[in-house]
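Worksheet: one structure, shown below.
Rule-based calculations on the coordinates, nothing more; no lab input. As the structure is a prediction and not an experimental result, all values here were calculated from the model. Cβ: placed from backbone, ideal geometry, glycine included. Neighbour counts: every protein chain shown.
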Amino acid sequence: MAKTIVNVKVDSETKEKAQSLAKELGLPLSTIVNANLKEFIRSGEVIFSIEPKIKPSVWKELRIATSDLGANKNISRTFGSAKEALSYLSS
């Protein structure tokens with residue numbers, strides 16, 4: 001299949017971040033763009049997600065907290081009011 005050039009205006013920071021991420025995946029940015037264009041053609045849909053993505057560092061902390069909870073470790077007692085909790089934290 002013959003190749004052609006598509007010019008798209010993108011701010012430089014977006015381009016740099018996208019190129020960096022693509023490089024981490026071992027792919028040229030053009031492969032990422034082509035894959036997205038082919039998916040658009042295949043499905044006829046453009047999907048914009050407003051679902052927040054949890055960062056890997058947050059997932060790590062959640063796994064630690066879940067493990068601690070299961071082991072009854074690093075767990076504070078329950079409080080009947082915010083004032084009671086603040087008093088506990090101040091002591």
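A few notes on this one:
- Once the chain from Lys83 to Ala65 is taken as fully extended at 0.36 nm per residue, the excess over their C-alpha distance is 4.0 nm.
- Whole-Hz couplings from phi, Karplus 6.51/-1.76/1.60, listed for the stretch 58-64; x for Gly and Pro: 6, 4, 4, 5, 5, 5, 5
- Applying the Karplus relation 6.51 cos²θ - 1.76 cosθ + 1.60 with θ = phi - 60° to the stretch 16-26 yields 3J(HN,Hα) values of 4, 5, 5, 4, 5, 5, 4, 4, 4, 7, x Hz, where x marks Gly and Pro.
- Within the chain, the ratio Rg/Rh, alpha carbon atoms throughout and Rh by Kirkwood, equals 1.26.
- The stretch 55-85 versus the stretch 6-45: alpha-carbon centroid distance in Å: 39 Å
- Sites listed here are chymotrypsin sites (Phe, Trp or Tyr not before Pro) in the stretch 35-91 whose DSSP assignment is loop and whose Cβ has at most 16 other Cβ atoms within 10 Å: Phe48, Phe79.
- Each label point was placed 7 Å from the Cα along the Cα-to-Cβ direction; for Leu37 and Leu21 their separation is 1.9 nm.
- Taking every DSSP helix (H) stretch of at least 4 residues in the chain, weighting each as -39,500 (n - 2.57) and dividing the sum by the residue count yields a mean residue ellipticity at 222 nm of -18000 deg cm²/dmol.
- Low-density loop positions, GluC sites (Glu not before Pro), the stretch 29-86 - DSSP coil, at most 12 other Cβ in 10 Å: Glu45
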